[in-house]
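The structure appears right after this line, and notes come after that.
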Amino acid sequence: MKFLNFRGSPLRFKCQRCASLCCKLGGPKLSLKDIESLKQAGNNPEKFLVTKQTSLKSRGDSSCIFLFFNVEEGFYQCSVYDSRPTFCRLYPFQFEKIGPDSYALKFIPCCNGLNTVDGQVVDERFFVRFLQKILFDLMDSEVIRFARFLDHNFEKAIGRTYS
């Protein structure tokens, strides 16, 4: 990253593990990298992919199929946390492409983890530590999507053909 430009008041973030929105919005779109990561973690695409789409399945209440409430700990947990999709790793932040080589970091304001007293300041260090790799993964995903468009190898990558 050559230039990082933070505007506005300092923002703080610390996940509250409430899963009030992030894991209950329906299944996010998955990149090929997300699908491969979930497969490598031992998950079967038949179980987690919506048929004929690249979205994660969700339950009837729109919650993620990998979300569960840990009664002993008293908070929600993700059963695939180490291999969770890009959208999940990024939430409540999102990158919006605003130019050929530039992105805007935006946030979803209804997240309970934003501006908590004990949250970390979202600054250059926060970005480098938590968000930079995700941005690079998203950029890779754009390249992968373009390659998929050109050669139609998506079905081959996930080991199944949609008809």
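Here, each number is a calculation from the coordinates, and none is a lab measurement. This one's a predicted model, so the numbers in the text were calculated from it and none came from an experiment. Every residue, glycine as well, gets a Cβ built from its backbone with ideal geometry; the counts of neighbours run over all protein chains shown.
A few remarks follow.
- Convex hull (Cα only) mean projected area of segment 70-125, reported in nm² to one decimal: 5.8
- Measuring against 22 Å, Cα to Cα, the residue pairs Lys39/Lys133; Lys106/Lys133; Lys52/Lys97; Lys39/Lys106; Lys33/Lys57; Lys14/Lys57 contain Lys52/Lys97; Lys39/Lys106; Lys14/Lys57 as the ones spanning a longer distance.
- Counting every other Cβ atom within 10 Å of each residue's Cβ, Cys110, Cys15, Cys23 order from fewest to most as Cys110, Cys15, Cys23.
- Simple point charges give the picture: +1 on the Cβ of Lys and Arg, -1 on the Cβ of Asp and Glu, and for segment 12-157 a dipole about the Cα centre of about 220 debye.
- Simple spin-label estimate for Glu124 and Gln77 gives 3.8 nm between the two label positions (7 Å along the Cα-to-Cβ direction from each Cα).
- Each principal axis of segment 12-157 carries a Cα extent, and these read 49, 40, 23 Å when sorted largest first.
- Sorted ascending by nearby beta carbons within 10 Å, beginning with the fewest, Arg84, Arg125, Arg12 become Arg125, Arg12, Arg84.
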